[in-house]
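Following: one structure in structure tokens, then a few remarks.
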Amino acid sequence: MSSVVEEPSASAGEARPSDGRIDLTSGDRARRAGWPAVAVLVALLVVVPVAFLAVSILDPNGEVWANQWRTRLPGQLVDTAVLLVGVSIGSLLVGSGLAWLVTAYRFPGSRLFGWLLIAPLAMPSYVLGFVTLSVFGFTGPIQGWWRDTFGQEAWFPEVRSIGGAIVVFTLVLYPYVFLLARTALADQAGGAYDVARSLGAGPVEAARRVVLPLLRPALAAGTSIVLMETLTDFATVQYFGVDTVSVGVFRIWRGTFDRDAASEFATLVLAVALLIIGMERVLRGRARYGEAAGAATRLAARRLTGAKAAAAFACCSLVLLVSFGAPTTQLVAWAVSEASGTRGTPLLDRFIDFLQNSLVLATLTTIVCVIVSLVVTNARRFEPGRMTGVSTRMTAIGYAVPGPVVAIGVVLTRVALDDVLELVGLGLPGVVATGSLVGLVYAYSVRFLAPGLNTIESGLGQVPESVTASARSLGARPSEVAARIHFPLSRASVLTGAVLVAVDSVKELPIALLLRPIGFDTLSVWTYNLASESRFEQAALPALAIIVVALIPVGLLSLQLSLILDADHDDIRGV
């Protein structure tokens, strides 16, 4: 029985010749050209704040730099260098050591620790910082007990110091190294390690000479993230009395309100960030460490027993306890005490207001980032040219720039926009240049567009290009393909990207502190202000709210990681 298949008719914007090809009309060409044009516009909006900041250093104020050099700048450079080196070493040792422990060995709780050990990602460093100071500081209960037991003159390590800051940052940031190292170990280290062991190398020697080189790219990438997070912080370091270059930007901005001086000094932070990125590239090198497709074997985990198993369990438990368990428990105790009114007037009314501000800011930022990411990723699918590809990569630059740098760059951009509006007779005095919700959302979007974009782009990459081509050949416009095919098929990635952007927005402190409108305090700003005044108990409630929100993506990431990496846990050998 024969059947006749009727070819779909061409859309209004297309002409279909007899050979089946689609000839685009001028209207369709214009519509398709609009997608890469939007991608270029987005890239410019992201790059402009950084560019304004870079341009500001071309005409430096010698008096400002001379004054900084005579006073604080040398000490800030030293403190920044010591802090970055100390945190990088600490995070490398803790993160890679724990990754090796839970991947190469099996002991009681090893599978559980495999995903619990990334929980500190939900703990902002400024939260762990003030909890540490309140408990271990001179007036805290630990030192009080110490002096009562060993005498008032008994020596105790100085907590409020650069060493204390290094410990706090290490405990909060080691999961970045842990995650990447564990993934690399599971993906490619097994075969090479087994060969080295079969040739007579001991476990330590095989790990040092074979596994460690294989982990070099992962360790370099994880360490660079740790360094960027450390560099952008200025709340935690202030708690511990450490004067870094980021603190210098904040001090100039809030102390003198000298926009030009702050922007010039912010270029120093930008220079350090670029140096970190360059170092990561150098450490990773051009080499590729891996095995041929299908040839990789995972590490065969060895079962530990007796004292070795107990030591491994104690090591993982101690790190998890001091980095997440104990501080969270302390925050809960403070929050319950504060809410019950035993320590003063409860702050529940203000908590609702600040929570609402944080949610509004996070929601607006998420909407902007998701919409922009969808447009940019679809533009790259519809018009995969050089211009679209470069624009897509440029939109990720904001995530590689420290928060204070983004904030100052956005201020310069808004001031320039004010000047342009005034020049054309549309001046709105102070609305753009001073603190406004629009400017704050813009700064947040520049900073956090990359996580949403990368996630959504990854999801769209799972949609076969043949599906897109088929829809286009049937006459569907790009906007119809994006709305009716691309979005439904990648909505899980869209949701994941939205969650990542929202959580980063809730945790963000430097941008909110520098650019927030008058009277618009977020949970992070409220926590910072209370902790700066040593009102630790009152800061517990907003700090807990931030942690709870941040635990959502951390839990999803942990679950996904467990499903991928724990598939072969039955391959165990005794020792």
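The values are calculated or read from the model by the stated rules, or taken from the named source; none is laboratory data. Computed from a prediction, not measured in an experiment: that's the story for all the values here. Here the Cβ is made from the backbone with ideal geometry for all residues, glycine too, and neighbour counts use every protein chain on show. Only protein heavy atoms, including side chains, enter the accessible area calculation; ligands, DNA and RNA are left aside. Shrake-Rupley method; radii C 1.70, N 1.55, O 1.52, S 1.80 Å.
Quick notes on this one:
- Filter pass, Ala379 being farther than 30 Å from Thr103 by Cβ and crowded, with 21+ Cβ neighbours inside 10 Å: yes
- Qualifying positions in the range 482-532 - outside any helix (DSSP H, G or I) and under 20 Å from the mean Cα position of the chain (by Cα): Glu508, Leu509, Thr522
- Some residue of the range 150-157 being part of a helix (DSSP H, G or I) and within 29 Å of the chain's Cα centre (by Cα): no
- Check on Leu449, touching a Ser or Thr at 6+ places or on another chain (Cβ under 7 Å), surrounded by 21 or more Cβ atoms within 10 Å (Cβ to Cβ), within 30 Å of Pro542 (Cα to Cα) and modelled with pLDDT of 75 or more: yes
Here is a yes/no grid of residues against (1) open to solvent by less than 10 Å² (accessible area, probe 1.4 Å); (2) modelled with pLDDT of 85 or more; (3) hydroxyl-bearing (Ser, Thr, Tyr); (4) assigned to a loop (DSSP other than H, G, I, E, B):
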site: Ala43; (1), (2), (3), (4): yes, no, no, no
site: Ala51; (1), (2), (3), (4): no, no, no, no
site: Asp59; (1), (2), (3), (4): no, no, no, yes
site: Pro74; (1), (2), (3), (4): no, yes, no, no
site: Leu77; (1), (2), (3), (4): no, yes, no, no
site: Val85; (1), (2), (3), (4): no, yes, no, no
site: Leu93; (1), (2), (3), (4): no, yes, no, no
site: Ala99; (1), (2), (3), (4): yes, yes, no, no
site: Val127; (1), (2), (3), (4): yes, yes, no, no
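- Residue selection: Val368 satisfies the criterion of being in contact with a Ser or Thr (Cβ under 8 Å, 6 or more places away or on another chain), surrounded by 14 or more Cβ atoms within 10 Å (Cβ to Cβ) and in a helix (DSSP H, G or I).
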